[in-house]
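Structure record follows, encoded as structure tokens.
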Amino acid sequence: HNYVRGAAGNQKNRKGMLGLCNLGNTCFMNAALQCLTHTHGMQKYFRYCSHAYTSKGQSSRQKLLMSFAHWFERDWGKNVSAHYHSPEDILRAVQQLNPIFQGYAQQDAQEFLRCALDNIHEELRRELPDDLHGHLRDRFGIELGGAGGPVR
């Protein structure tokens, strides 16, 4: 098990510092996940915008979203105490979505990242309303100026 430990075993602030278990030739996935955990916009979305994806059924893509949400919360939540995390739920969800990742063969980190991000995108994307200005005004109280920017 790989983990990071501060000076003299200090565990004061472990946010974003969890190591990842190797689940059998999964270093390609762990490398991609370490990059994603430090993509702050993504981790904050999954930690604070769960309303956007928790009300749906349990499709393979939905399982992937929930796996990422749980992983980000374990890595960045208020009570981070573990030294490492097992990303098995993320691996299983990706394996369901793309059979190339089944088994224990070495894979490419870029292919894993593309598969995960494409499926997250497909699950979360929404159709834009024809009247985007009206939608933003009615739903969020945002008035857009002439160049498409907010009115100040």
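The values are calculated or read from the model by the stated rules, or taken from the named source; none is laboratory data. Keep in mind it's a predicted model, so treat the numbers as computed, not measured. Cβ coordinates were reconstructed from backbone atoms using ideal geometry, including for glycine residues, and neighbour counts include every protein chain displayed. These area figures cover heavy atoms from the full protein model, side chains too; ligands, DNA and RNA do not enter into them. Shrake-Rupley method; radii C 1.70, N 1.55, O 1.52, S 1.80 Å.
For GluC sites (Glu not before Pro), the sites in the stretch 60-135 that DSSP calls loop and that have at most 13 other Cβ atoms within 10 Å are 127.
With all protein chains kept in place, the per residue accessible area of the stretch 21-140 amounts to 58 square angstrom at a probe of 1.4 angstrom. Peptides 36-48, 60-72 ordered by packing proxy, namely the average of other Cβ atoms within 10 Å per residue, highest first: 60-72, 36-48.
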